[in-house]
1. Restricting to region 48-74, give me the number of residues that are without any contact (Cβ under 8 Å) to a residue 60 or more places away in the chain and under 13 Å from the mean Cα position of the chain (by Cα).
2. Could you please find all residues in region 89-104 being outside any helix (DSSP H, G or I), farther than 14 Å from TRP58 by Cβ and either within 13 Å of the chain's Cα centre (by Cα) or modelled with pLDDT of 95 or more (or both)?
3. For LEU86, only one of the following conditions fails: (1) within 16 Å of PRO42 (Cα to Cα); (2) over 13 Å from the mean Cα position of the chain (by Cα); (3) surrounded by fewer than 20 Cβ atoms within 10 Å (Cβ to Cβ). What is its number?
4. Quick one: which residue in VAL32, VAL52, VAL18 is modelled with pLDDT of 50 or more and surrounded by fewer than 16 Cβ atoms within 10 Å (Cβ to Cβ)?
Amino acid sequence: MSWKKVLTGCFSLTTLMVYQNSYALSGSQTNVYKISSQGSQPNIVIDKTQTVKIAYGWEDKVYYSFSGNQGKSFSKPEVVGKIKELQLAMTRSVQIAAGEKSTLIAATTKNGDIFSFHKTNKAWSESVKINDIPGVNTN
């Protein structure tokens, strides 16, 4: 029977870590991989090539890291961009999606504006505001 791997993100104290759980009929095993000493609200996606991609925030910056070996190791986190008053709470924080040829990261400000970044080759785009009603209050 083959192993089913599930990746989840966790913010524990001031360390962003990825927990890789492997489940089989005989039991389970958990491996922990440290990505960064700072970070909050990670979001994880696995693309068609099995590259694990992680986006998260810290203070007013959006970060990105990836693994090309199914989560055994990760790239050094890179700053995707800076967003004033970045919202880092629950589902209103940094989100990531991966397509066949690009990766998209969306992030929300505390007043409800939504910004996106995309990467098609090696460089991330500048942030683009994508909401149609400015400053929608999230309270």
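1. Of the residues in that region, 15 qualify.
2. Passing the criteria: GLN95, ILE96, ALA97, ALA98, THR103, LEU104.
3. Failed condition: (3).
4. VAL32
The values are calculated or read from the model by the stated rules, or taken from the named source; none is laboratory data. Note that the structure is predicted; figures quoted are calculated from it, not measured. Positions of Cβ are backbone-derived with ideal geometry, glycine not excepted, and every protein chain shown enters the neighbour counts.
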